[in-house]
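Readers should treat all values here as calculations from the given coordinates under stated rules, not as data from a laboratory. Since we're looking at a predicted model, the values are computed, not measured. Cβ coordinates were reconstructed from backbone atoms using ideal geometry, including for glycine residues, and neighbour counts include every protein chain displayed.
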Amino acid sequence: MSSALPSYQQAADIVAASAARLAPSRAAQVVEQVALGESAGRVLARALMADRDQPPFARSTRDGFACRAAEASAHEFLTIAGATRAGEAPGGPLPPHAAWEIMTGAPIPAGADAVVMVEHVETASGSVRLLPPRSASAGDNIVPQGAQARAGDELLAPGAAITFAQIALAAECGAPVLEVFRPPRVAILATGDELVPVEATPGPGQIRNSNAPMLAALVVAAGGAPWVLPAAADTADALDAALCQAATAEFLLISGGVSAGKFDLVEPALARLGAQFHFTGVRIQPGKPLVFGELPGLPFFGLPGNPVSSAVTFLLFGAPVLAALSGRQQHGPRFALARLAADTDRRAKPGLTRFLPASCTFSAGAGQLLPEVALIPWQGSGDLAALARSNCFLVIPEDTPTLEAGATVQILLP
Ligand code: AMP
Ligand code: MG
């Protein structure tokens with residue numbers, strides 16, 4: 001049976017093709033305005049254009065003296081003809097055989113072609129000279145006007161995910177408000193008779209619904225607006241009612257109820273609503289029972305209920321679809337290379353690509369080209385304490401019994 005399931009790569013290809021097909025046309029997306037300070041995590045709907053040249057004037061990158069490089073390189077004293085601080089209008093023009101005191105960020109006076117650093121000169125009674133053996137070259141310590149961008153240049157295209165850097169760039173361009181796409185509404189439906197809300201005291205055999213808030217956080221990070229529904233019981237009626245309600249969302253995440261057990265009723269409930277299934281199971285661990293499909297106008301994932309399985313399958317497959325729906329250009333998932341700290345000895349199940357909670361130092365030691373990664377000891381895919389101690393997942397390719405210490409390995413980044 002399991003050999004009929006797609007491999008990780010086959011499932012990833014199916015999801016990537018679906019994400020590309022589901023990505024809404026720009027015209028179909030609702031655009032809203034958001035204050036720059038509130039825009040982190042949103043997706044730009046309109047291109048950001050440079051409102052003026054950047055830098056807007058030729059700018060000194062050092063405290064020092066603006067001069068003509070050829071004159072400074074003769075090491076003769078040059079008369080200090082003036083001074084410009086950051087924030088002042090450009091001074092000058094620079095007279096022949098003169099220098100102009102200048103601060104970092106200040107405009108270069110007309111006629112100067114270089115700045116020599118204050119640390120590299122000697123001054124004497126209103127004049128200054130560059131100390132030998134240093135010489136100056138035209139362009140030293142000056143960023144020319146428009147070197148970074150010309151007025152009217154497109155600096156960010158629609159679909160750019162907004163983080164600190166895009167916010168700073170928009171501020172530089174005088175954009176206190178950004179036009180962004182309205183994030184897709186993502187229904188989150190946990191299923192399971194054993195679940196109680198986080199505020200409730202669990203009775204015998206009950207556990208708290210940790211998947212709903214976890215998935216809500218993952219949805220926000222992937223560009224969606226979470227809509228957490230009350231958990232549904234493991235009955236056909238409860239699932240039918242909950243799915244009906246969830247159907248008004250733009251993307252649906254169900255957790256639990258997709259394994260082969262007697263009370264795993266999610267797949268039949270989706271089928272009753274006319275779902276088309278792209279796959280029902282993937283050769284991965286954790287997360288093998290993952291279901292991916294579409295109701296009319298509503299892509300969905302049935303995530304396995306085990307918390308680590310839910311997280312891994314969302315990162316691998318759910319996040320790329322959500323990123324596409326949100327209008328982002330980049331759809332992930334994100335992988336990187338690392339150096340394995342110790343041999344892995346986890347028992348492999350044949351044919352499964354594994355994604356195991358791991359800790360990566362991200363600070364490569366001296367002479368080390370790659371960050372180091374180590375597996376986190378865990379008690380299986382229900383172990384949330386292990387998940388919380390991890391910051392990535394070690395990828396163990398299918399049919400790889402062990403990876404050896406020092407090997408270059410792939411990690412999945414959250
Ligand atoms: P299932 O996929 O429904 O077979 O559930 C697999 C395991 O995950 C079981 O131990 C469930 O109790 C647990 N589980 C299912 N849903 C959740 C949830 N929302 N929060 C925490 N654990 C869950
Ligand atoms: Mg269940």
(message) For the chain, give me the percentage of DSSP beta bridges that are antiparallel, rounded to the nearest 5 percent.
(response) 70
(message) Checking the a/c ratio against 1.5 first, then a/b against b/c, what shape does the Cα gyration tensor give for the range 248-326?
(response) oblate
(request) For E32 and A86, calculate 0.36 nm times their separation in residues minus their Cα-Cα distance, and state this gained length in nm to one decimal. (result) 15.8 nm
(message) How are the alpha carbon pair distances in the chain distributed across 10 Å bins from zero to the largest one, expressed in percent?
(response) 5, 18, 20, 18, 13, 10, 9, 5, 2, 0
(message) Quick check: from the Cα gyration tensor, does the range 232-383 come out rounded (a/c under 1.5), prolate or oblate?
(response) prolate
(request) Between D345, D53, D13, find the one with the highest GNM mean-square fluctuation for the chain; connect C-alpha pairs within less than 10 Å. (result) D345
(message) So if I take the alpha carbon set of the range 13-101, get Rg, then get Rh from the Kirkwood formula, what is the Rg over Rh ratio?
(response) 1.35
(request) Kindly give the semi-axes, whole Å and largest first, of the ellipsoid equivalent to the range 192-288, taking each as the square root of 5 times a Cα gyration tensor eigenvalue. (result) 20, 18, 15
(request) For the range 187-237, just say rounded, prolate or oblate: build the C-alpha gyration tensor, square-root its eigenvalues into a ≥ b ≥ c, call rounded for a/c under 1.5, and beyond that prolate if a/b exceeds b/c, oblate if not. (result) oblate
(message) As I understand it, the value is the acute angle between the Cα axis of helix 211-221 and the longest principal axis of the Cα atoms of the chain; what does it come to in degrees, rounded to 10?
(response) 30
(request) Enter the angle in degrees (range 0 to 90, nearest 10) between the Cα long axis of helix 8-22 and the first principal axis of the Cα atoms of the chain, meaning the one along which they spread out most. (result) 70
(request) May I ask for the net charge around A161, where only other residues with Cβ less than 9 Å from the Cβ of A161 are counted and Lys, Arg are +1 while Asp, Glu are -1? (result) +2
(request) Calculate, axis by axis, the spread of Cα positions in the range 223-278 along the three principal axes, and write the results as whole Å, longest axis first. (result) 34, 25, 18
(request) Pull up all non-local amide H partners of L290: gap of 5 or more, or a different chain, and H-to-H distance under 5 Å with H placed in the peptide plane. (result) G281, V282
(request) Multiply the residue separation of V196 and H120 by 0.36 nm, subtract the distance between their alpha-carbon atoms, and state the gained length in nm to one decimal. (result) 20.4 nm
(message) What three numbers, in Å, describe the spread of the alpha carbons of the range 97-174 along their principal axes, ordered from the longest?
(response) 56, 23, 22
(request) Work out which trypsin sites (Lys or Arg not before Pro) in the chain are exposed loop sites (DSSP not H, G, I, E or B, at most 11 other Cβ within 10 Å) and give the longest gap free of them. (result) 1-261
(request) Pop out the ³J(HN,Hα) list for the range 24-36 in order, Karplus 6.51 cos²θ - 1.76 cosθ + 1.60 with θ = phi - 60°, rounded to Hz; leave Gly and Pro as x. (result) x, 5, 4, 5, 7, 8, 7, 10, 9, 9, 9, 4, 3
(request) Mind telling me which of L156, L403, L356 comes out most flexible in a GNM of the chain, alpha-carbon contacts under 10 Å? (result) L403
(message) Residue by residue through the range 398-414, what is 3J(HN,Hα) from phi via Karplus (6.51 cos²θ - 1.76 cosθ + 1.60, θ = phi - 60°)? Round to whole Hz and write x for glycine and proline.
(response) 4, 6, 10, x, 9, 10, 9, 3, x, 5, 7, 10, 9, 10, 8, 9, x
(message) Please list 3J(HN,Hα) in residue order for the range 284-296, calculated via the Karplus relation 6.51 cos²θ - 1.76 cosθ + 1.60 where θ = phi - 60°; whole Hz, with x for glycine and proline.
(response) 10, 9, x, x, 4, x, 3, 10, 10, x, 9, 8, x
(request) List the longest stretch of the chain that has no exposed loop site; here a site is one of the GluC sites (Glu not before Pro) assigned by DSSP to anything other than H, G, I, E or B, with at most 10 other Cβ within 10 Å. (result) 200-403
